[in-house]
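Here is the structure we will look at, set down as structure tokens.
Please treat every number below as a calculation from the coordinates, not as lab data. None of these values were measured; they are calculated from a predicted model. When we count neighbours, we look across all protein chains shown, and the Cβ atoms used for this are built from the backbone with ideal geometry, even at glycine.
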Amino acid sequence: MRELAMTKVAAVCAVATLAAAMGTASAAPAAAPSTAQSVAQRSVSPVLVDCFWKSQVRPADFILACGDGNSRLTALRWSHWHAGSAVAVGLNAVNDCRPYCAAGRFHSYPVVVRLDDPQPWEKQPEVQRYSRMTLTYPGDRPERVPRTVTYSLWD
């Protein structure tokens, strides 16, 4: 008899706990993010999305030619990485593909990299990602490449 009473007490406590938890959850409307939370989310610096759909912040290296890796940024040193833009200096290593890419040689050119135009990232819309990259070559540059070139970055 005592065992039956204990079982009933445990069952009543479990039901009461469950009802209290469900009542609290269903009675309270879903909280909208506070203004402070929204501002905090927006103030986080954007990311740079790489060829493998990974987010990066201040990467030392970055592949520009995802298909074959024949153009990449190396030795990047970032002077700033802010909500609106990021700037680095480094090298653009470009394969000359002579006589063909597999037999070609890489040549490195000093470059200034600017990222800007943050947009929501399709994979994670709450995260901003830089959507544009501008490369400026202060000296030598790859053949047939203008001194300044701007690329739209993938999403």
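Listed conditions (1) among the β-branched types (Val, Ile, Thr); (2) exposed (fewer than 14 other Cβ atoms within 10 Å of the Cβ); (3) within 19 Å of TYR151 (Cβ to Cβ) are all met by ILE63, apart from (2). Could you please tell me which pairs satisfy a Cβ distance under 6 Å, a separation of 6+ or placement on different chains, a first residue in the stretch 138-151 that is under 17 Å from ASP96 (Cα atoms), and a second residue that is of a type outside the set (Ser, Thr, Tyr)? Taking only residues 6 or more apart or on different chains, the pairs are PRO142/VAL94.
Of the residues making up the stretch 128-155, those that are among the β-branched types (Val, Ile, Thr) and within 15 Å of TRP81 (Cα to Cα) number 1.
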